[in-house]
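The values are calculated or read from the model by the stated rules, or taken from the named source; none is laboratory data. These numbers were taken from a predicted model, which means no experiment stands behind them. Neighbour counts are summed over all protein chains in view; Cβ atoms, including those assigned to glycine, are modelled from backbone coordinates with ideal geometry. Heads up: the accessible areas ignore ligands, DNA and RNA and are worked out on the full protein's heavy atoms, side chains in. Shrake-Rupley method; radii C 1.70, N 1.55, O 1.52, S 1.80 Å.
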Amino acid sequence: MRLLKPALTALSAAILFASTTVMADPITIKFSHVVAENTPKGQMAKKFQQLVEERLGDKVDVELYPSSQLYGDDKVLEAMLLGDVQLAAPSLSKFQKYTDQLQVFDLPFLFKDMAAVESFQASETGQSLLTSLESKGLVGLGYLHNGMKQLSASSPLKVPEDANGKKFRIMTSDVLEAQFEAIDAISLKKPFSEVFILLQTRAIDGQENTYSNIYSQKFFEVQPYITESNHGVLDYMVVSSARFWDGLPDDVRGEVKSALDEAIIYGNELSEAKNEEAKQAIIDSGQSEIVTLDDTQRQQWVDAMKPVWGEFAEDIGQDIVDAAEAANQ
Ligand code: LMR
């Protein structure tokens, strides 16, 4: 009997260990974003959730919070650093508090199309920008596309003078502020979730965004004109906090990262079609007219806005601006 007791104690310890291992709570990844589900980012997030469920279902639980349900993009990074959310994909215009370098993406008329954006992001300089948030405790896990921005307004904008004195909502970026200053317009930094009401009540005259966002947020219902300016890019960086990311068990981190990489590829492949689909749906609605620019008109926008580069090149880093420009070749 005396011999049996230690054996029993060891056995119960083993059972206890096994049951706690089996019953360990799954790791929760809260993924908060501001757009609708039927957008490139919304679809990427769903794909990521599905892949993680398939591969790590018992270990990791992905919770999605679209449409600013949990946090707006003005708050999500602070919440992430506090450990309240684990994944987000704010637009590259929303990182100014954390780094100047990502402002390169906001320079007007820098990228001629999404292929140039893609090529810059894949370049050595583009990849090195994924680490530009490290000293602030954030880890860049990849770039995600939306697409080129258009200008929507309550009156037709054909030449820069048409925007004089008009109020536009912008994301929280000083480059975007300078871009509107350059055409003598007024800009207001406002969260995405407030844009529709500001447009509807005519508190502002216009805003800049992709067709996908203009459609899914119903901006086209309250903005009778959309100038197809393609003057800038709206893309995202998928981020996590270093504390959360580095704290994941190695095998889990590896699986989560590969699910994320696949989901990003999926979202990126979808983005162009989503924007085309949204543009067609806006045209079909008859509620907003697409204003196209001829070469002379477009050149006037370029001439008015491009001097903004010079104001920010030093803060961003001239080498970064040059590398981005070179991606157009
Ligand atoms: C915006 O605020 O206009 C966009 O960044 C929203 C988004 O995430 O696409």
Practice task
Counting only residues that are away from the ligand (no atom under 14 Å from the Cβ) and modelled with pLDDT of 95 or more, give me the strands (runs of 3 or more DSSP E) lying completely in segment 156-234 with at least 1 of them.
Solution key: 167-170, 186-189
Exercise for the section: Would you point out the residue of segment 175-233, among those that are within 20 Å of the chain's Cα centre (by Cα) and among the aromatic types (Phe, Trp, Tyr), that is most open to solvent (accessible area, probe 1.4 Å)? Expected result: Tyr215
Problem - Those residues of segment 44-73 which are within 20 Å of Phe244 (Cα to Cα), within 16 Å of the ligand (Cβ to nearest atom) and surrounded by fewer than 20 Cβ atoms within 10 Å (Cβ to Cβ), in sequence order - result: Leu64, Tyr65
Problem - Subset of segment 81-103 [open to solvent by 10 Å² or more (accessible area, probe 1.4 Å) and either within 13 Å of the ligand (Cβ to nearest atom) or part of a loop (DSSP other than H, G, I, E, B) (or both)] - result: Leu82, Gly83, Asp84, Gln86, Lys94, Gln96, Lys97, Tyr98, Thr99, Asp100
Problem - Pairs where the first residue, in segment 141-166, is open to solvent by less than 10 Å² (accessible area, probe 1.4 Å) and the second is in a loop (DSSP other than H, G, I, E, B) and polar (S, T, N, Q), C-beta under 9 Å, 6+ apart - result: Asn146/Thr39; Asn146/Thr210; Gly147/Thr210; Lys149/Thr210; Gln150/Thr210; Ser152/Gln223; Ser152/Ser288; Ala153/Gln223
Practice task
List every residue pair whose Cβ atoms sit under 6 Å apart, with the two residues 6 or more apart in sequence or on different chains, where the first one lies in segment 31-56 and is farther than 17 Å from His145 by Cβ and the second, anywhere, is of a type in the set (Ser, Thr, Tyr) and open to solvent by 10 Å² or more (accessible area, probe 1.4 Å).
Solution key: Ser32/Tyr65; Ser32/Tyr71
Exercise for the section: Examine segment 27-36 for a residue that is within 13 Å of the ligand (Cβ to nearest atom) and surrounded by fewer than 19 Cβ atoms within 10 Å (Cβ to Cβ), and state whether such a residue exists. Expected result: yes
Practice task
Write out, first by first residue and then by second, each pair whose Cβ atoms fall under 7 Å of each other, whose residues are 6+ apart or on separate chains, and whose first residue, in segment 238-261, is open to solvent by 50 Å² or more (accessible area, probe 1.4 Å) while the second is among the aliphatic types (A, V, I, L, M) and assigned to a helix (DSSP H, G or I).
Solution key: Glu255/Leu56
Handout entry: Pairs with Cβ under 6 Å, 6+ apart, first in segment 300-323 and open to solvent by 70 Å² or more (accessible area, probe 1.4 Å), second modelled with pLDDT of 95 or more
Key = Gln300/Val159; Gln300/Pro160; Lys306/Phe109; Glu311/Ala178; Asp315/Asp100
Practice task
Might you check whether a residue that is surrounded by fewer than 18 Cβ atoms within 10 Å (Cβ to Cβ) and of a type in the set (Val, Ile, Thr) occurs anywhere in segment 112-124?
Solution key: no
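Among the residues of segment 275-298, write down those that are touching a helix residue (DSSP H, G or I) at 6+ places or on another chain (Cβ under 6 Å) and surrounded by 17 or more Cβ atoms within 10 Å (Cβ to Cβ).
Within segment 275-298, Asn275, Ala278, Lys279, Ile282, Ser288 qualify.
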Practice task
Within segment 235-245, track down each residue that is within 16 Å of the ligand (Cβ to nearest atom) and either of a type in the set (Phe, Trp, Tyr) or not in a strand (DSSP E or B) (or both).
Solution key: Tyr236
